[in-house]
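> Structure below; questions to follow.
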Amino acid sequence: MTNPVTAQLTRRIKDRRIRRFVERWDALEALVIRIYKSEETAPDDQKAYRRLRRELRRGLRRYDEALGGYWPGMTVGGKPTREDPFAALLAPRRARAFVGNWRAMQQLPAARQAINEWLLDRVESR
């Protein structure tokens, strides 16, 4: 489930590492939403989360400074965010942490908007 705005922007990004990072974030977002909605974890969810978490943490080491310029202006639950939504969503060690985790669901839009604004600036600066 790729966000249509993100998909449009990503098509205009030539850097494969950035595109891969965004694809992985899309997968994490879909996993978090699926776990939240189903109120349980499926047998493969922990393995998928572990892999995505590892890959995204590595990607964030590369893009954290860039993304850090965007998320502070976002809102979480209608209030200005005080914590990095990327770090918050990658903090749990287990996928089951997303069962019933409304706070995690509220972090997703802030992260998505930060990604979209970052991609838009990269596209426009070319």
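Coordinate-derived values only; no laboratory data. Just so it is clear, the structure is predicted and the values come from calculations on it, not from any experiment. Cβ coordinates were reconstructed from backbone atoms using ideal geometry, including for glycine residues, and neighbour counts include every protein chain displayed.
> With Kirkwood's inverse mean 1/r over C-alpha pairs for Rh, give me the Rg to Rh ratio of the stretch 70-126, two decimals please.
Working: Rg = 12.7 Å, Rh = 12.1 Å.
Here Rg/Rh amounts to 1.05.
> Next question, about the same structure. Once amide H atoms are built 1.01 Å from N in the peptide plane, which residues 5 or more positions from MET74, or in another chain, come under 5 Å H to H?
Result for MET74 returns THR81.
> Enumerate the lysines that LYS37 could reach by cross-link, defined here as Cα to Cα under 21 Å, with residues fewer than 8 away along the same chain left out.
Correct list for LYS37: LYS47.
> Can you tell me the orientation of helix 45-67 relative to the chain, as the angle in degrees between its alpha-carbon axis and the longest Cα principal axis, to the nearest 10?
Result, in degrees: 30.
> If the cut-off is 16 Å between C-alpha atoms, which aspartates and glutamates fall inside it for LYS14, apart from same-chain ones fewer than 8 positions away?
GLU23, ASP121, GLU124
> Right, next: GNM, the chain, Cα, under 10 Å: largest mean-square fluctuation among ASP15, ASP45, ASP84?
Taking springs between Cα atoms under 10 Å, the residue moving most is ASP15.
> Loop by DSSP (not H, G, I, E, B), at most 14 other beta-carbon atoms within 10 Å: where is the longest site-free stretch of the chain for GluC sites (Glu not before Pro)?
That would be 84-126.
> Quick one: Debye curve from the alpha-carbon atoms of the chain only, equal weights, vacuum; give me log10 I(q)/I(0) at q = 0.13, 0.22 Å⁻¹ to two decimals.
-0.50, -1.39
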